[in-house]
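One structure is given here, and the rest of the page talks about it.
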Amino acid sequence: MAQKADVIEAMKELSTALDKYHPNTETTHYVKKTMVELQKSEAVDFIGGFSYFLTKSSMLRTSEGIELNDIERKLWHKLASYKDVGYKLFPGIGM
């Protein structure tokens, strides 16, 4: 099962790649900023923040016209693959 640390690590990898290939873009800054915020979050805050991040980061990337290279695309999909972790990360919060 995915852990919060796995999600944060995937964000770090994506952030590093975006910073290398697309520095000074709003998308790159947003990924970095959100990663820092999510590191401090727990439970519902983490899940909500990560879900919002997935939507907003995709919209930002599209609106900026950023074309991902193969490395970035793999990292983006790796991070997006965690979209279903949700309450699996923090089963105690329930629904």
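Coordinate-derived values only; no laboratory data. Just so we're clear, the structure is a prediction, and the values are computed from it rather than from any experiment. For neighbour counting, all protein chains shown are included, and Cβ atoms are generated from backbone atoms with ideal geometry for every residue, glycine included.
Pop the C-beta distance of residue 54 and residue 20 into the FRET formula with R0 = 25 Å and round what comes out to the nearest 0.05.
Details: r = 22 Å, r/R0 = 0.86.
With R0 = 25 Å, the Cβ-Cβ based efficiency is 0.70.
In what sequence do 22, 77 fall when counting other Cβ within 10 Å, fewest first?
Details: 22 19, 77 12.
Fewest to most other Cβ atoms nearby, the residues stand as 77, 22.
Using the reciprocal of the averaged 1/r over all distinct C-alpha pairs, how large is the Kirkwood radius of the chain in Å?
Taking the inverse mean of 1/r over all distinct Cα pairs, the chain comes out at 13.5 Å.
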